[in-house]
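Enquirer: Take a look at this one; I'll ask things after.
The values are calculated or read from the model by the stated rules, or taken from the named source; none is laboratory data. Quantities reported herein were computed from a predicted structural model and do not represent experimental measurements. Neighbour counts are summed over all protein chains in view; Cβ atoms, including those assigned to glycine, are modelled from backbone coordinates with ideal geometry.
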Amino acid sequence: MGLLDKLKGEFIDIIEWTEDGSDTIAFRFERYGNEIKNGAKLTVREGQSAVFINEGQIADVFEPGMYDLTTENLPMLSTLKGWKYGFHSPFKAEVVFISTREITGFGWGTPGPFRMRDPEFGVLELTARGHFSFHVMDPVKFIRKVVGTEGDFTKEEIEDRLRKKFVTEAISGIAEMNKSFYDMAQHYDEISEMLKERVDPTFLERYGIGLDDTSVQSIDLTERSAEKVEKRDDMFFASDRMGMYERKARADAMLGLAGNEGAGGGMAAGGMGLGMGMAMAGQMSGSPGQQTAGRTPPPPPPSGYFLYVNGQQLGPYPVPQIQQMITGGQINGQTMVWRQGMAGWAALQTTPELAGLLSRGGQVPPPPPVQQ
């Protein structure tokens with residue numbers, strides 16, 4: 001009698017699975033045609049479940065622990081066998097061990113670009129990738145939905161199926177967040193948590209597994225969309241730089257001309273020069289004065305008068321507020337003013353609408369000296 005024949009004639013009295021650190025998720029205990037001895041020892045280690053299958057039906061599930069396989073420990077199997085008074089002889093049943101520990105190293109990534117409507121840049125094409133891990137939560141469902149009649153079952157055999165479902169949910173979830181591409185890079189943790197909440201119920205329902213961790217490693221633009229974003233960035237950068245140069249030119253013109261008190265009659269002459277400076281700056285900035293040909297003028301400024309006090313432009317102020325400032329001695333007739341429709345800055349006392357306020361605000365100051 002050969003060794004195999006001898007094994008076939010023996011009863012199994014120890015059932016266990018010693019994991020070897022591989023990526024095996026399901027391990028089918030080989031009986032070699034032998035029967036399991038009544039009273040055999042079953043060892044289920046931490047991170048494992050043992051499922052007994054009899055003629056294609058799930059009979060019993062054992063969680064971590066050590067068991068003597070008797071009628072009391074196999075109530076479902078006893079019912080299936082029809083052993084009304086229990087059994088004392090060997091029996092045949094398949095035993096499948098399921099690893100319930102965390103299975104790591106699952107990468108996911110979009111197979112190609114997907115389209116998303118960005119709130120800032122319009123429709124963009126993106127790619128995304130990351131990782132996830134899981135563990136078996138429902139061994140019975142996992143056997144029915146995934147393992148089937150397989151012998152050993154490794155993570156590679158389910159990886160493609162899980163990845164496809166994960167990517168489908170990732171594409172839908174990222175698009176529905178309605179975040180700008182720029183904001184996404186600051187919220188990978190939030191996106192990862194969103195994906196876990198979307199995918200976890202589906203995986204549990206379909207496969208009996210639960211997600212332990214999800215991560216987003218990168219969300220990238222395609223080359224075409226990157227060019228689109230770059231052009232938009234360049235346009236805004238150029239606009240911002242132009243605005244900075246215009247503001248500087250305006251300030252330089254005002255400060256330089258207003259500070260020339262020694263030439264042409266002091267403050268009044270300086271005020272006229274200031275008006276000229278503002279006109280020159282207006283050619284660059286779109287402020288009051290002539291507009292550069294071909295440029296779209298800015299929207300009109302708010303109603304009221306702008307004031308030039310102590311080297312600063314203030315306002316605009318409505319006429320009643322200017323009256324209060326005159327009364328309080330904050331401004332006087334020599335204060336330079338401007339409003340929409342005026343050709344340039346002018347002294348308050350030379351402005352018809354405001355000149356009458358001086359008599360109500362106190363003594364009218366003397367007119368500026370006439371240039372010789």
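Enquirer: If the requirement is being of a type in the set (Gly, Ala, Ser) and either in a strand (DSSP E or B) or modelled with pLDDT under 90 (or both), which of these qualifies: GLY210, GLY173?
Expert: Numbers: GLY173 fails: either in a strand (DSSP E or B) or modelled with pLDDT under 90 (or both).
Testing whether each residue is of a type in the set (Gly, Ala, Ser) and either in a strand (DSSP E or B) or modelled with pLDDT under 90 (or both) leaves just GLY210.
Enquirer: On the basis of being under 51 Å from the mean Cα position of the chain (by Cα) and modelled with pLDDT under 85, does MET76 make the cut?
Expert: yes
Enquirer: In the range 36-53, how many are farther than 14 Å from GLU16 by Cα, surrounded by 17 or more Cβ atoms within 10 Å (Cβ to Cβ) and modelled with pLDDT of 80 or more?
Expert: Matching residues across the range 36-53 total 1.
Enquirer: Report yes if SER133 is at pLDDT 90 or above, hydroxyl-bearing (Ser, Thr, Tyr) and touching a Phe, Trp or Tyr at 6+ places or on another chain (Cβ under 7 Å), otherwise no.
Expert: Working: at pLDDT 90 or above: yes; hydroxyl-bearing (Ser, Thr, Tyr): yes; touching a Phe, Trp or Tyr at 6+ places or on another chain (Cβ under 7 Å): yes.
Here the answer is yes, as SER133 does meet what is asked.
Enquirer: Of GLY9, GLY33, GLY21, GLY2, which residue is closer than 23 Å to PHE153 by Cβ, over 53 Å from the mean Cα position of the chain (by Cα) and modelled with pLDDT under 80?
Expert: Being closer than 23 Å to PHE153 by Cβ, over 53 Å from the mean Cα position of the chain (by Cα) and modelled with pLDDT under 80 holds for just one of GLY9, GLY33, GLY21, GLY2, which is GLY33.
Enquirer: Within the range 318-359, can you find the residues that are assigned to a loop (DSSP other than H, G, I, E, B) and of a type in the set (Phe, Trp, Tyr)?
Expert: TRP345
Enquirer: I've got another one for you. Checking LYS165 against (1) at pLDDT 85 or above; (2) touching a strand residue (DSSP E or B) at 6+ places or on another chain (Cβ under 9 Å), only one condition comes out false. Which one?
Expert: (2)
Enquirer: Report every pair of residues separated by at least 6 positions or lying on different chains whose Cβ atoms are under 6 Å apart, first residue within the range 104-123 and more than 28 Å from LEU211 (Cβ to Cβ), second small (Gly, Ala, Ser).
Expert: Every condition considered, the pairs that remain are PRO119/SER180; GLU120/SER180.
Enquirer: Something else about it: Consider THR149 carefully, then state whether it is outside any helix (DSSP H, G or I), out of contact with any Phe, Trp or Tyr (no Cβ under 8 Å at 6 or more places or on another chain) and either modelled with pLDDT of 90 or more or within 30 Å of VAL61 (Cβ to Cβ) (or both).
Expert: The answer is yes for THR149.
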